[in-house]
């Protein structure tokens, strides 16, 4: 159940960000808004768990990618501000809890260069995390 709780903790934190932004979560119903309206896509990618001792205890590792999808030809100021909001919400050392499982943000989120993605300009923000379960 640890991966379910980790996903819940991170998705709850994304939903709590203000201002709110329409969000496409994995395998959930979502209709993208008009091309003039921004939204974000959230994917949580788990890496191979670390086993530092024998037994059932381990460390879950991974990253959450929040792909910001903004209108084309509207400049980068608004999308960069949203990326900075993600960085300030998921700062290094921040923790989020769901069902007794604590998720800790391992590093300052990465903001790589943006690119055109269909009818949007997209910047994927990577939020690296771990959880000792």
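The values are calculated or read from the model by the stated rules, or taken from the named source; none is laboratory data. Since the model is a prediction, treat every value here as computed from it, not as a measurement. Backbone-built Cβ (ideal geometry, glycine too); neighbour counts: all protein chains shown.
All conditions but one from (1) surrounded by 15 or more Cβ atoms within 10 Å (Cβ to Cβ); (2) assigned to a strand (DSSP E or B) apply to residue 79; the one that does not is (2). The residues of segment 44-76 that are free of Cβ contacts under 8 Å to residues at least 60 places away in the same chain, surrounded by 14 or more Cβ atoms within 10 Å (Cβ to Cβ) and not in a loop (DSSP other than H, G, I, E, B), listed by number, are 44, 46, 67, 68, 69, 70, 71.
Of all the listed residues (86, 111, 105), the sole one being within 12 Å of the chain's Cα centre (by Cα) and over 28 Å from residue 72 (Cα atoms) is 105.
Candidates are the residues of segment 96-133 that are in a strand (DSSP E or B), free of Cβ contacts under 8 Å to residues at least 60 places away in the same chain and touching a helix residue (DSSP H, G or I) at 6+ places or on another chain (Cβ under 7 Å); the one that is surrounded by the fewest Cβ atoms within 10 Å (Cβ to Cβ) is 121.
Of everything in segment 18-33 that is surrounded by fewer than 13 Cβ atoms within 10 Å (Cβ to Cβ) and touching a strand residue (DSSP E or B) at 6+ places or on another chain (Cβ under 8 Å), the residue that is nearest to residue 125 (Cα to Cα) is 26.
Report yes if residue 13 is part of a helix (DSSP H, G or I), in contact with a helix residue (DSSP H, G or I) (Cβ under 8 Å, 6 or more places away or on another chain) and either closer than 16 Å to residue 117 by Cβ or touching a residue at least 60 places away in the same chain (Cβ under 8 Å) (or both), otherwise no. Criteria met by residue 13.
Residues in segment 34-43 that are surrounded by 12 or more Cβ atoms within 10 Å (Cβ to Cβ) and either under 18 Å from residue 73 (Cα atoms) or at pLDDT below 95 (or both): 35, 37, 38, 39, 40.
When every residue of segment 44-65 is checked against the conditions, none turns out to be more than 11 Å from residue 125 (Cβ to Cβ), modelled with pLDDT of 95 or more and out of contact with any strand residue (DSSP E or B) (no Cβ under 8 Å at 6 or more places or on another chain).
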